[in-house]
Amino acid sequence: MAFYYSEPSHTFSEYLLVPGFTSEECIPDNVTLKTPLVKYRKGEEECPISLNIPMVSAIMQAVSNDTLAVALAKEGGLSFIYGSQSIEDEAAMVRRVKSSKAGFVVSASNLTPDATLADVLELKQKNGFSTVAITEDATPNGKLLGLVTSRDYRITRMTGEIPVREFMTPREKLITAPASTTLKEANDIIWEHKLNALPIVDDNDHLLYFVFRKDYAEHKEHPLALQDADKRYLVGAGINSKDYEQRVPALVEAGADVLCIDSSEGYSIWQKKTIDFIRERYGDTVKIGAGNVVDREGFRYLAESGADFVKVGIGGGSICITRETKGIGRGQASALIEVAAARDEYFEETGVYVPICSDGGIVFDFHMTLALAMGADFLMLGRYFARFDESPTNKLMVNGAYVKEYWGEGSNRARNWQRYDLGGKSDLAFEEGVDSYVAYAGSLHDNVQKSLYKVKSTMCNCGVISIPDLQKNARLTLVSATSIVEGGYHDVTLRSTGSNV
């Protein structure tokens, strides 16, 4: 006879946190959101890789490219570059993130001395940068021959055909710094010489990076930036269980800090085979997450297979229709609660703590706090990040409002059949995701700061200032349908949105 769960499948919106005692130390400024990303053993001083905020971006074409990866790393989170692209293209995205050394920017605008003022203006219009590196071969790391900034030309007095070599600041007049220069030393040089940009060059005078004056303030605004020992941003990458033997080596060589198997359902032999390959070839030096699962058995299988973290959630994403098309899945809250208990049980038995990632089901900011309280170590978000300037999708005007495109990996648009493969044919048999729009929300920095301040404030209401303490001391209650209605505004007439109140 089939097994039947005695309890219904619950979602985040069916729970509330019950306040705890708020002491004097429980203020948002004292809250730390640092959390483990990969497994570690009891007694180890520190997890090999930790996040400074409990946010990672979903492995999706519409969400996680190199631009969003850099923006999220600056905030203290991590992006998983989407794997539903060629191996070469994914590795190139990883390299671009790793080359974005904090404070050291790889030149994005490059020309040769034979280019013209028209080329400079076209490049500026295309990417918005006013500093153009003039290199021998117009590449970001070519031999530096000069520099062009907006101070080097006047559009009203010069024709577009004038060669760059006639108005650029030549190499002999540039102040540069060697590759060994630290960020602090670079900023000191900038201030001492009143520069807007300082080129960093190697022993052969090839351009490596720029350090910009304007970035100094920006770095002060990102004290939680997630960086490796060389001050490069951390980045993850998605893989599948089909071409991992070719994809994994390319991503490791490109510098990916952590990998994650991207699959709609992870309790499978295919995930174990993928992990086995990585362990046999790289040992524990390559970190690999797996999933998705929704119960104790799924978690135990992946943890015992060697996963460094496990993703939880099937069918809860805003663009996911797996439950609708296949009839499989589980309410995100119920899944997370059971898997968190399994993680703690596994930790007690083995001394190995395997972090869990809540993937899907986050609709409102308060769902983030609920997910963490229920045991999630960090959250994977798709729709949330797709709304921002830094996501790779187009910004459009629809029905008088700005939106951004957002589609699922199981949609016909993405056609990421590898994510849903069960060892069968190599195409998408039916859709498990939709193609949609999400309301445009502005910059990632502003929105993440606002969302996490809500999380911190709620934690203070619960009387805790760290995620482990929240998981240990949180008190949660199921709410009735009537209670959910009571929780919103009711029995009032709203004033117009134009009110100043």
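The values are calculated or read from the model by the stated rules, or taken from the named source; none is laboratory data. Every value quoted in this text rests on a predicted model; they were computed, and no experiment measured them. Every residue, glycine as well, gets a Cβ built from its backbone with ideal geometry; the counts of neighbours run over all protein chains shown. Calculation scope for accessible area: heavy atoms of the full protein, side chains included, ligands and nucleic acids excluded. Shrake-Rupley method; radii C 1.70, N 1.55, O 1.52, S 1.80 Å.
Using +1 at the C-beta of Lys and Arg and -1 at the C-beta of Asp and Glu, which of Tyr209, Ala254, Met368 has the Cα lying farthest in the positive direction of the dipole of the chain?
Tyr209
Relative contact order of the stretch 1-57: what whole-number percent is it, with Cα pairs under 8 angstrom and at least 6 residues apart? Mind dumping the intermediate values first?
Values: 30 pairs, mean separation 13.9, N = 57.
Reported as a whole number, the value is 24 percent.
Which pairs break 20 Å Cα to Cα here: Lys74/Lys404; Lys98/Lys450; Lys98/Lys273; Lys272/Lys472; Lys311/Lys454; Lys74/Lys184? Walk me through the numbers before you get to the answer.
Values: Lys74/Lys404 22 Å; Lys98/Lys450 27 Å; Lys98/Lys273 28 Å; Lys272/Lys472 31 Å; Lys311/Lys454 24 Å; Lys74/Lys184 18 Å.
From the list (Lys74/Lys404; Lys98/Lys450; Lys98/Lys273; Lys272/Lys472; Lys311/Lys454; Lys74/Lys184), the Cα-Cα distance tops 20 Å for Lys74/Lys404; Lys98/Lys450; Lys98/Lys273; Lys272/Lys472; Lys311/Lys454.
Which order do the peptides 221-230, 266-275, 305-314, 442-451 take when ranked by the mean count of other beta-carbon atoms within 10 Å per residue, highest first? Don't skip to the end; give the middle numbers.
Working: 221-230: 14.5, 266-275: 19.7, 305-314: 26.3, 442-451: 16.1.
The packing order, highest mean first, is 305-314, 266-275, 442-451, 221-230.
Taking the Cα atoms only, what angle lies between the long axis of helix 117-127 and the longest principal axis of the chain, rounded to 10 degrees?
The answer is roughly 10 degrees.
Quote the relative contact order of the chain in percent (integer), defining contacts as alpha-carbon pairs under 8 Å separated by 6+ residues. Mind showing how you got there, number by number?
On the way: 1034 pairs, mean separation 104.8, N = 501.
Value for the chain: 21 percent.
From Cα pairs below 8 angstrom and at least 6 apart in sequence, can you work out the relative contact order of the stretch 169-307, rounded to a whole percent? Show your work: numbers first, answer last.
Working: 163 pairs, mean separation 21.2, N = 139.
The value is 15 percent.
About the Cα centre of the chain, what is the dipole size in debye to 20, counting +1 per Lys and Arg Cβ and -1 per Asp and Glu Cβ, all else neutral?
Numbers: 53 positive and 68 negative charges, 169 e Å.
Magnitude of the dipole: close to 820 debye.
Hey, can you grab everything whose amide H is under 5 Å from the amide H of Ser64? Only 5+ residues off in sequence or another chain; H modelled, so Pro and N-termini drop out.
Amide H neighbours of Ser64, under 5 Å, 5+ apart: Tyr82.
Taking the chain as the reference, fit the longest principal axis to its C-alpha atoms, fit the long axis of helix 244-254 to the helix C-alpha atoms, and give the angle between the two in degrees, 0 to 90, nearest 10.
The angle comes out near 50 degrees.
Relative to the first principal axis of the alpha-carbon coordinates of the chain, what is the inclination of helix 296-305, with its axis defined by its Cα atoms, in degrees from 0 to 90 and to the nearest 10?
Once rounded, one gets 50 degrees.
Express the carbon and sulfur contribution to the solvent-accessible surface of the stretch 1-66 as a percent, rounded to the nearest whole number, probe 1.4 angstrom.
Values: 2020 of 3810 Å².
C and S fraction of accessible area: 53 percent.
Tell me, what is the per residue accessible area of the chain in Å², probe radius 1.4 Å? Write out the running numbers ahead of the final one.
On the way: 24050 Å² over 501 residues.
Using a 1.4 Å probe on heavy atoms only, each residue of the chain averages 48 Å².
Dipole of the stretch 80-146 (Lys/Arg Cβ +1, Asp/Glu Cβ -1, origin at the Cα centre): which of Phe104, Tyr82, Thr135 lies farthest to the positive side?
Going by the Cα projections, it comes out as Phe104.
Within the stretch 139-180, what whole-number % of the accessible surface is contributed by carbon and sulfur, with the 1.4 Å probe and all protein chains included in the calculation? Display every interim value, and only then the final one.
Details: 1370 of 2670 Å².
Ligands and nucleic acids excluded, carbon and sulfur give 51 percent.
Take every DSSP beta bridge whose two residues both sit in the chain, then give the antiparallel share in percent to the nearest 5. Spell out each step's value before the answer.
Numbers: 33 of 62 bridges.
Close to 55 percent.
Just tell me which aspartates and glutamates come within less than 15 Å, Cα to Cα, of Lys194; anything on the same chain fewer than 8 places away is out.
Glu185, Asp215
Give the residue from Val352, Val294, Ile328 lying farthest towards the positive end of the charge dipole for the stretch 282-406; charges sit on Cβ (+1 for Lys and Arg, -1 for Asp and Glu) and the dipole is referred to the Cα centre.
Of Val352, Val294, Ile328, it is Ile328.
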